[in-house]
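The values are calculated or read from the model by the stated rules, or taken from the named source; none is laboratory data. Keep in mind it's a predicted model, so treat the numbers as computed, not measured. Don't worry about glycine lacking a Cβ; one is built from the backbone with ideal geometry, like all the others, and counts go over all protein chains shown. Areas reflect the complete protein model, heavy atoms only, side chains present, ligands, DNA and RNA absent. Shrake-Rupley method; radii C 1.70, N 1.55, O 1.52, S 1.80 Å.
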Amino acid sequence: MCDRFQILSLDGGGIKGLFSAAILAHLEEDLNIRIIDHFDLITGASTGGIIALALASGMSTREIVRFYVDRGPHIFPQKRFADFKHLLKNKFCPSNLEKSLRDCFGDKLMGELQKRVVIPSYNIGEDDVYLFKTPHHERLRRDYKVPIWKAAMATSAAPTYFSSFTKLDHLRLVDGGIWANNPCMVAVAEAASMLDVQLNTIRILSLGTTDETKCRPKCLDRGGMWHWRKEAVNVILRGQSIGANTLALHLLGKNNVLRVDPKVPDGLFKLDKISEDELQAKAAHESRKVAPQVKDLFLDHLAEKKYPYIPFHKEGVKS
């Protein structure tokens with residue numbers, strides 16, 4: 001279908017973003033492609049937002065994998081008494097994450113990205129969603145001036161792990177996974193509402209960061225705050241992720257959504273603790289299985305043919 005519009009969607013998941021980056025790296029090497037050449041819009045929440053911004057800025061998938069391997073231990077240092085500290089304040093110092101992202105993106109602005117992106121965050125000051133977007137529509141006249149590292153910080157400021165990001169117009173921005181940990185429907189809405197793309201032309205490659213197999217304890221059925229204290233966040237994130245994928249399947253059809261989010265045992269991977277060998281091994285295994293589907297579903301489409309990305313701020317639009 002020559003008029004197809006393709007979306008790459010990347011879930012949140014902390015350090016488990018290494019899995020998503022490694023999947024993409026293996027697909028590129030196995031299929032001899034550059035993944036962004038085949039997608040018209042990239043969306044990502046939290047760690048997925050960092051990967052989306054890195055891809056759109058021109059980083060290779062192997063460079064992104066190396067970012068997670070090299071910087072992960074510095075962003076999520078494993079210190080004594082960290083869990084006790086976590087009871088009272090954010091677990092990790094955001095300055096380590098900020099330095100890593102500044103080193104990664106330098107002074108580049110959102111307007112310099114090579115591909116359309118939409119990156120969710122959440123404004124707890126206004127209690128409202130917040131989206132960072134490339135200038136792919138004439139209405140979008142502010143975000144292109146935002147440094148990429150700031151958008152990356154805002155989408156990945158996970159509550160209790162990092163403090164809110166306040167270095168952009170004094171806003172209080174937190175992790176986009178609060179409301180869109182699986183951001184595929186954010187991208188569908190963007191394509192349909194801002195770019196006038198017809199739903200029957202949209203196809204999505206949606207990457208999760210592994211899906212833990214959990215057995216929910218019976219006490220949750222009648223439990224109060226004490227019983228739900230360890231389960232609530234996981235249930236909410238998983239519930240909205242499944243809901244987003246189900247909506248995408250309903251709107252676009254099962255043949256137009258490829259979801260890659262393999263089941264793993266409960267507790268195998270953590271959001272804030274590097275499991276480099278295991279994550280990369282899982283990515284190697286899953287990419288081997290999914291490569292034929294990616295080839296058949298997505299690689300006959302070249303993004304710039306039907307929907308070339310022309311940033312509006314470079315076309316004489318005044319800020």
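Might you let me know whether segment 161-172 holds any residue that is within 23 Å of residue 96 (Cβ to Cβ), within 16 Å of the chain's Cα centre (by Cα), of a type in the set (A, V, I, L, M) and surrounded by 15 or more Cβ atoms within 10 Å (Cβ to Cβ)?
no
Just a yes or no: is a residue in segment 7-23 basic (Lys, Arg) and surrounded by fewer than 24 Cβ atoms within 10 Å (Cβ to Cβ)?
No.
What single numbered condition from (1) more than 27 Å from residue 71 (Cα to Cα); (2) at pLDDT below 75; (3) crowded, with 19+ Cβ neighbours inside 10 Å fails to hold for residue 316?
Tallying (1) more than 27 Å from residue 71 (Cα to Cα); (2) at pLDDT below 75; (3) crowded, with 19+ Cβ neighbours inside 10 Å, residue 316 fails exactly one: (3).
Taking helices (runs of 4 or more DSSP H) that do not extend beyond segment 143-225, which have at least 1 residues that are more than 13 Å from residue 119 (Cα to Cα)?
184-194
Could you list, in sequence order, all residues of segment 26-53 that are assigned to a helix (DSSP H, G or I), in contact (Cβ under 8 Å) with a residue 24 or more places away in the chain and among the charged types (D, E, K, R)?
28, 30, 37
Of 193, 206, 241, which residue is modelled with pLDDT of 95 or more, of a type in the set (Gly, Ala, Ser) and either closer than 30 Å to residue 102 by Cα or open to solvent by less than 60 Å² (accessible area, probe 1.4 Å) (or both)?
Just one listed residue meets the conditions, 206.
If you scan segment 156-205, which residues turn out to be without any contact (Cβ under 8 Å) to a residue 24 or more places away in the chain and within 15 Å of residue 49 (Cβ to Cβ)?
Correct list: 168 only.
Kindly provide the set of residues from segment 92-107 that are surrounded by fewer than 16 Cβ atoms within 10 Å (Cβ to Cβ), over 12 Å from residue 74 (Cα atoms) and out of contact with any Pro (no Cβ under 7 Å at 6 or more places or on another chain), ordered by number.
Matches in segment 92-107: 103, 106.
Restricted to segment 72-91, and to residues that are more than 16 Å from residue 158 (Cβ to Cβ) and touching a residue at least 24 places away in the same chain (Cβ under 8 Å), which residue is surrounded by the fewest Cβ atoms within 10 Å (Cβ to Cβ)?
Among those residues, the one meeting the criterion is 78.
Out of curiosity, is residue 230 open to solvent by 30 Å² or more (accessible area, probe 1.4 Å), assigned to a helix (DSSP H, G or I) and out of contact with any Gly (no Cβ under 9 Å at 6 or more places or on another chain)?
So residue 230 fails the test.
Can you tell me which of 69, 65 is under 19 Å from residue 291 (Cβ atoms), in contact (Cβ under 8 Å) with a residue 12 or more places away in the chain and either open to solvent by 70 Å² or more (accessible area, probe 1.4 Å) or of a type in the set (Val, Ile, Thr) (or both)?
65
Just one of the numbered conditions (1) β-branched (Val, Ile, Thr); (2) modelled with pLDDT under 95; (3) closer than 17 Å to residue 17 by Cβ is not true of residue 155; which one?
(2) is the only condition that residue 155 fails.
Taking segment 108-129 as the search range and keeping residues that are farther than 18 Å from residue 42 by Cβ and in a strand (DSSP E or B), which one is least open to solvent (accessible area, probe 1.4 Å)?
Result: 123.
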